[in-house]
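A short worksheet on the structure shown next.
The values are calculated or read from the model by the stated rules, or taken from the named source; none is laboratory data. Since the structure is predicted, the reported quantities are computational estimates derived from the model, not experimental observations. FYI the Cβ positions are ideal-geometry reconstructions off the backbone, even for glycines, and counts take in every protein chain you see. Accessible surface areas use protein heavy atoms only, side chains included; no ligands, DNA or RNA. Shrake-Rupley method; radii C 1.70, N 1.55, O 1.52, S 1.80 Å.
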Amino acid sequence: MTMTDTQILEPDGRAISFAEEGSGPAVVLIPERGQEVGALGGLAHSVSMEDFRVIRVGAQSAGEVVDVMDHLGIDHAWVGGHASGGTIARTVSLEHHDRVNGVILLGVEETQTALAPGIPVLVIQGTVDDVTPPVNGERLRASAPDLVSVVGIEDAGHLFPSTHIGATSWAIEDYLDWD
């Protein structure tokens with residue numbers, strides 16, 4: 001499958017935008033609050049070119065992510081997001097542990113959301129991000145060094161998933177080791 005057009009799923013009258021492309025193991029990406037599904041389009045395309053099925057979901061909650069996964073017949077996936085989208089991904093891993101292979105955090109929000117036991121976490125962060133500063137990822141790694149890996153994108157600010165697509169995509173592909 002190589003569809004990239006945004007679609008709308010309307011469970012219980014809620015409109016959830018999503019887009020998917022590629023084929024292979026599933027990776028779900030959630031943009032940060034206030035961003036459209038297209039915000040992670042370049043990254044999704046790059047990752048999908050390495051034999052991944054990438055689904056971008058404009059979700060406001062973990063339940064919305066799972067609704068889209070159900071709609072697309074995805075039993076389990078790596079779930080990640082940029083900033084607040086990553087916080088939603090962490091919640092998906094807590095509430096739907098059996099559906100999540102791992103979590104990808106593109107910048108780490110300062111949050112009280114716990115990590116799901118036994119679920120690996122990849123943190124990718126811009127080294128000069130002043131919105132989700134690198135110290136947040138380092139604190140997360142210090143809290144669970146056996147689960148959390150951190151990759152810094154040199155000289156990258158908060159919008160690194162869009163401005164540093166190649167480096168961000170490579171970090172995901174390398175960590176998942178599916179290429």
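Panel note: the C-alpha atoms of the range 22-140, placed on their principal axes, show extents of 36, 30, 25 Å (largest first). Excluding ligands, DNA and RNA, the accessible surface per residue across the range 53-95 is 29 Å² with a 1.4 Å probe.
Rounded to the nearest 10 degrees, the angle from helix 62-71 to the longest Cα principal axis of the chain is 40 degrees. What you get for the range 12-81, charging only the Cβ of Lys and Arg (+1) and of Asp and Glu (-1), is a dipole of about 160 debye around the Cα centre. Build a GNM of the chain with springs between Cα atoms under 10 Å apart, and of 35, 125, 60 the one that fluctuates most is 35.
Think of each Lys and Arg Cβ as +1 and each Asp and Glu Cβ as -1; about the Cα centre, that makes the dipole of the range 1-144 roughly 320 debye. A simple spin-label model places pseudo-atoms 7 Å from Cα toward Cβ; at residue 7 and residue 36 they are separated by 1.9 nm.
To the nearest 10 degrees, how steep is helix 165-176 against the longest Cα principal axis of the chain, on a 0 to 90 scale? Orientation of helix 165-176: about 90 degrees from the principal axis. Applying the criteria of a DSSP loop state and at most 15 other Cβ atoms within 10 Å to the GluC sites (Glu not before Pro) of the range 12-71 yields 36. For the chain, modelled as a GNM with alpha-carbon contacts under 10 angstrom, which of 127, 111, 87 fluctuates the most? Between 127, 111, 87, it is 111 that shows the largest mean-square fluctuation. All other residues with a Cβ under 12 Å from the Cβ of residue 156 taken together, and with Lys, Arg as +1 and Asp, Glu as -1, what is their net charge? Value of the local net charge: -4. Of all the options 56, 33, 14, the one that moves most in a Gaussian network model of the chain with Cα springs shorter than 10 angstrom is 14.
Annotation: amide H-H contacts under 5 Å for residue 100 (H modelled 1.01 Å from N, sequence separation of 5 or more, or interchain): 77. Taking θ as phi - 60° and the Karplus parameters 6.51, -1.76 and 1.60, the scalar couplings of the range 107-122 work out to x, 10, 5, 6, 8, 8, 5, 6, 8, 6, x, x, 9, x, 10, 9 Hz in sequence order, x denoting glycine and proline.
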